[in-house]
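Have a look at the structure below before the remarks.
Nothing in this text is a laboratory measurement; each read-out follows from the coordinates by a stated rule. Note that this is a predicted model, so its numbers are computed, not measured. Don't worry about glycine lacking a Cβ; one is built from the backbone with ideal geometry, like all the others, and counts go over all protein chains shown.
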Amino acid sequence: MDESRLIELIREGDPLSFEILFQKYYVRFYNFVLNLTKNPQTAEDIVQNVFMKIWINRKNLRPDQSIHNYIYVLSKHEVLNHLRDRKVYTQVERLVMAEQPYEAVTDQNMDLKELDDRIRKFIAAMPEQRRKVFLLSRYRGMGNKAIAELMGLSVRTVDRHINLALTSLRKEFLKIN
């Protein structure tokens with residue numbers, strides 16, 4: 001089957017055609033992303049997210065354009081989003097650590113692993129929908145519109161969940177009342 005016909009079938013919602021596309025390109029783009037991230041789990045998450053976005057936005061695919069180039073561009077953007085979010089996460093860690101006096105950190109024996117565990121527990125305790133939205137946004141690097149489409153929510157609801165999650169994180173970890 002030629003690629004343009006495959007794209008037409010995917011646009012129509014044919015899951016078998018999508019599976020063919022996935023099988024054809026997954027390993028190639030997994031290796032590409034792995035080379036950039038140096039982390040197998042991150043590479044797998046990013047490539048799966050790319051294919052999820054392709055399926056969600058399948059109506060926008062164009063049979064006359066190269067799907068390889070489309071997947072390449074999506075993969076590159078997802079890697080950049082991941083690196084940006086990872087940098088933001090590291091900056092938040094530094095900010096949290098800077099807010100506490102050094103002696104307090106020493107007294108509590110809080111190293112970065114303990115901080116990470118504390119953040120993960122806090123996220124796990126969030127209401128289910130807020131936690132899902134937050135994780136898709138901050139750990140998967142998805143945009144609010146994509147999250148809204150995936151979860152069947154309005155973009156405004158997604159924005160609200162992210163704002164509530166960030167506000168509660170700040171209060172918890174920066175001791176703002």
Q: At 0.36 nm per residue, minus the direct Cα-Cα distance, what do PHE22 and ARG131 gain on full extension? Give it in nm, one decimal, please.
A: 36.4 nm
(Q) As a footprinting exposure proxy, order ILE147, ILE67 by other Cβ within 10 Å, with the fewest listed first. (A) ILE67, ILE147
**Q.** Fully extended contour minus Cα-Cα distance, from MET1 to ASP64, at 0.36 nm per residue
**A.** 21.2 nm
